[in-house]
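Q: Shown below is the structure under consideration.
Readers should treat all values here as calculations from the given coordinates under stated rules, not as data from a laboratory. Bear in mind the structure is a predicted one, so any value in this text is a computation, not a measurement. Cβ placement follows ideal geometry from the backbone for every residue including glycine, while neighbour counts extend to all protein chains displayed.
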Amino acid sequence: MSDVRRLFLLLAVLTGFCLVAAAPRTPPSPHPSLATPAPLARPTVRLPSLDPTVLIYPFDAQAGYNAKAGMQVAKIFSQEFKQSGHVNVLPVPTNVNRANYLTTALSDHADYYVSGYVTPIGDSASVVVQVVSVQNGVIVFAQTTQLYGLNDALALALTTHDAILQLAGVNVTLDTAASTATAAPSVQPTNGAQFNLGSLFSHHHTVARVAATPTPQAKPRRGVILVAVHGANVAARYLDQATSLLDRDLTTHFNVRYGGPMPADLGTAATTLCGTERDNTIATGTLVQEHLRGLRPRIKSVFTLQVWTCFGDVLYQTTKTRFDIAKAISEAVSDYVTSHPSNT
């Protein structure tokens, strides 16, 4: 082989080696178990509120009631719902026809809507409240209650609030323990004056009224000392309501004066309560509430009336169970009057 051919072959080999050395190197693939996984995109998830959304319509005022009465009842419900919590309360709408209640609630994305009627009965008002599921337009809760004052309206609103929570399956612990805090707040109208249920339910014109039970002309000489209604695990507002109802029914038949809260031992405290008026009696009551679940949750009230002598002995006792606490108390007092018309 000539020297020229050897030189050409050497140059060709060196050129190939340089090209291979200059080529970029691909790093070896790591072992599958050592590979770093590519980061995954994390979607943004907005969890919906578990609290049901409720739309409360103005109640329909019946039989000549002031048209503002229905709006005020709706505002009482709205305030009580907000105060009790666990419910998203929409503003009370105006100028919505009943035929459009469901479609309006759907457009406002409500889960339930509340409506009702207010009708005069003597010096009180009969209120029908209905809760409708917006999902299917079915009435899922309804209750009729006779109202004698603002506390009754607040109690009905709270019962409706609790029923909606049970229907919605909200897992909350409802505070039904007796409270020593301030009494339930009064609803304030726009003029700043304290809300009064009696003046609110005034008539534009004269309407037929159901006569109230007449008060006896002559009451027994022996009076009644009223001790506040008590009960374990019962909200203070219900106990105050029961005490007011018991006072009203007893006053229909006897001369009643208030003796204060329930003492630790009424038998021992009887002498102090009566003082020198030893012929009087002492009346009190115990309230127990049972929350019944179901398609239409309701609260059953068990009321026990006790009448004591001023010597510390039980003169009379009876128990009434009703869904309406006012009926339970009225029937208990009526039974006592029948058995002891002279309060003896």
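Q: Based on alpha-carbon positions alone, could you give the equivalent ellipsoid semi-axes of region 53-178 from the gyration tensor, as √(5λ), descending, whole Å?
A: Numbers: eigenvalues 94, 74, 28 Å².
Result for region 53-178: semi-axes of 22, 19, 12 Å.
Q: I need the Kirkwood Rh of region 213-265: take the reciprocal of the average 1/r across all distinct C-alpha pairs and report it in angstrom.
A: Details: mean 1/r = 0.0819 Å⁻¹.
About 12.2 Å for region 213-265.
Q: Could you rank the peptides 67-77, 252-262 by their average count of other C-beta atoms within 10 Å per residue, with the highest value first? Before the final figure, lay out each step's value.
A: Values: 67-77: 20.1, 252-262: 16.4.
Listed from highest to lowest mean packing, they are 67-77, 252-262.
Q: Could you work out how much longer the chain between Thr94 and Val138 gets when fully extended? Use 0.36 nm per residue separation minus the Cα distance between them, nm to one decimal. Please report the intermediate quantities before stating the final value.
A: Details: separation 44, 0.36 × 44 = 15.84 nm, distance 2.23 nm.
Here the segment from Thr94 to Val138 would lengthen by 13.6 nm.
Q: Given a Förster distance of 35 angstrom, what is the FRET efficiency for Ser339 paired with Arg248, based on the Cβ-Cβ distance and rounded to 0.05?
A: Taking R0 as 35 Å, the efficiency between Ser339 and Arg248 is 0.95.
Q: How long is the gain from Thr268 to Ala67 if the chain were fully straight, where each residue apart is worth 0.36 nm and the alpha carbon distance is subtracted? Intermediate results must be reported in sequence, preceding the final value.
A: Values: separation 201, 0.36 × 201 = 72.36 nm, distance 5.23 nm.
Length difference between fully extended and current span is 67.1 nm.
Q: Using θ = phi - 60° and the Karplus curve 6.51 cos²θ - 1.76 cosθ + 1.60, what whole-Hz ³J(HN,Hα) does each residue of region 139-144 get, with Gly and Pro shown as x?
A: Values, residue by residue: 6, 9, 7, 8, 7, 10 Hz.
Q: Given 5 Å bins starting at zero, what is the percent of C-alpha pairs of region 238-344 in each, up to the one with the largest pair distance?
A: 2, 12, 22, 23, 19, 11, 5, 3, 2, 1, 0
Q: For Thr104 and Leu50 in one chain, what is 0.36 nm times their gap in residues minus the Cα-Cα distance, to one decimal in nm?
A: Numbers: separation 54, 0.36 × 54 = 19.44 nm, distance 2.15 nm.
Stretched fully, the Thr104-Leu50 segment lengthens by 17.3 nm.
Q: For Val170 paired with Arg257, estimate the spin-label separation in nm (one decimal), with each label point 7 Å from Cα along the Cα-to-Cβ line.
A: Placing both labels 7 Å beyond Cα along the Cβ direction yields 4.6 nm.
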